[in-house]
C-alpha cells in the first residue's frame, strides 16, 4: 500500500490494533498527516483494551480534545475504562461532566463503563445512581452493578441486587455467577453458592476456569474443602488460576484450624 501510494491510514490502524502490534500502530499513527476523530478513537480503544496502557489512553483522549475533536460514544467507554484502572476519579468525573455538557445521547456502553469506573474508584453511590437512571436495563447493566458491589466488598448489596435482577426476569450468565460466588464467599453463604453450582449444572453451562475457580474460592472461604476439591477434580483443564484457588482454600482452612486450636488451648489453660 505504501509503494503504490494507497494512504488508507485509518483502515490500516484499525487492523494493526486487531493484530496487537503496538509499535507498528504507534508508528503508523505518527505518520498520519492529519489524524481525525476515528483515528484517535481507534488508538484509545487499543490502548485501553488490547494493550492495557491506560495512562496513554487517557493521554490520547486529552490530545484529541486539545486538537478540537469531539469525543463521542466510541470514545467515552474506553476513557472511563482507563480512569477505572488508574483509579483516576477526578479525570473520570471531568469526562462524565463533558458527556452532559456536550448533550451526547449516551448509549448503554457509556453507562456501563461509568458504573465500572465509579465502582472501582469506591464511589458506589454514584455508580448506583447511574445504574438507577438506566430506563431499559439489560443483563450487562445488572452485571456491571453487581460486579461493582462484589469487588468493593459490599457482598450483601450484590446478593440483594441479584435477587432483584431475577425478579425482573433476567437469567444470570457467567459474569453474574462469578460476581455472586465472590459475594457468597465473603458472606459465608454456602447454600447460595451451592445453588449457583446447581444452576450451572441444570443449564448445561460449561464449568470453565472462570466459574470453576470462583466455586473453589467460594467453598474454600466457607470452609468446605470437600466440595472445593470435588469441583477441582471435575475440571477437565486446570490452569494456574484453578491450582491457586485450590491451594489458597487449603491454606485458609489450615490457618483457621490453627487459630481455633490456639483459642481452645488458651481457654482450657484459663
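None of the figures in this text is laboratory data; all of them are computed from the coordinates on show. Only a predicted model underlies this, so the values are computations on that prediction, with no experimental measurement involved. Quick reminder, even Gly has a Cβ in these numbers, built from the backbone with ideal geometry, and neighbours come from all protein chains shown.
Could you work out the relative contact order of the range 174-270, using alpha carbon pairs under 8 angstrom and six or more residues apart, expressed as a whole percent? Don't jump to the answer; show the numbers that get you there.
Working: 99 pairs, mean separation 25.3, N = 97.
So the answer I get is 26 percent.
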With the 8 Å Cα cutoff and a minimum separation of six or more residues, the range 50-201 has a relative contact order in percent of 16
Quick note on 104, 13, 114, ordering by fewest other C-beta atoms within 10 Å, gives 104, 13, 114
Across 10 Å bins beginning at 0, the whole-percent shares of Cα-Cα pair distances in the range 174-270 come to 17, 46, 23, 10, 4, 0
A student asked for the Cα radius of gyration and Dmax of the range 1-136 in angstrom ought to give 15.9, 56
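Would you mind calculating the gained length between residue 167 and residue 27 on full extension (0.36 nm times residue separation, minus the Cα-Cα distance), in nm to one decimal?
Values: separation 140, 0.36 × 140 = 50.40 nm, distance 5.14 nm.
Additional length available on full extension: 45.3 nm.
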Among 247, 216, 115, the residue with the largest mean-square fluctuation in a Gaussian network model of the chain built from Cα contacts under 10 Å is 247
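When a footprinting reagent is the concern and you count Cβ atoms within 10 Å, what order do 211, 6 take, fewest first? Don't skip to the end; give the middle numbers.
Numbers: 211 21, 6 10.
Result, fewest neighbours first: 6, 211.
What is the Å³ per residue value for the convex hull set by the Cα atoms of the range 93-135?
Working: hull volume 2.7 nm³, N = 43.
Per residue, the Cα convex hull of the range 93-135 comes to 63 Å³.
Roughly speaking, what is the stretch gain from residue 263 to residue 109, that is 0.36 nm per residue apart minus the C-alpha to C-alpha distance, in nm to one decimal? Please report the intermediate quantities before stating the final value.
Details: separation 154, 0.36 × 154 = 55.44 nm, distance 5.11 nm.
Full-extension gain reported as 50.3 nm.
Calculate the FRET efficiency for residue 20 and residue 210 from the Cβ-Cβ distance with a Förster distance of 25 Å, rounded to the nearest 0.05. Kindly include the intermediate steps, with their values, before the conclusion.
Details: r = 22 Å, r/R0 = 0.87.
The calculated FRET efficiency here is 0.70.
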Across 245, 95, 236, the residue with the highest GNM fluctuation in the chain (Cα network, 10 Å cutoff) is 236
Ratio for the chain, C-alpha Rg to 2.2 N^0.38 Å, reads 1.25
Pseudo-spin-label distance residue 72 to residue 151, built 7 Å along Cα→Cβ, given in nm, is 2.8
Candidates 33, 172, 77; GNM for the chain (alpha-carbon contacts under 10 Å) flags as most fluctuating 33
Per-residue ellipticity at 222 nm attributable to helices in the chain (runs of n ≥ 4 DSSP H, -39500 (n - 2.57) apiece, nearest 500 deg cm²/dmol) works out to -23000 deg cm²/dmol
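Per residue Cα convex hull volume for the range 174-228, in cubic angstrom? Walk me through the numbers before you get to the answer.
Values: hull volume 3.4 nm³, N = 55.
Here the figure is 62 Å³ per residue.
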Label model pair residue 254, residue 55: point-to-point distance (7 angstrom along the Cα→beta-carbon line) in nm is 3.8
With a Förster distance of 25 angstrom and the Cβ-Cβ distance between residue 133 and residue 62, calculated FRET efficiency to the nearest 0.05 equals 0.40
Counted neighbours (other Cβ, 10 Å), sorted fewest up, put 197, 168 in the order 168, 197
Semi-axes of the range 53-98 from the Cα gyration tensor (sqrt of 5 times each eigenvalue, largest first, whole Å) come to 16, 11, 9
The FRET efficiency for residue 101 and residue 226, from their Cβ-Cβ distance with R0 = 41 Å and rounded to 0.05, is 0.10
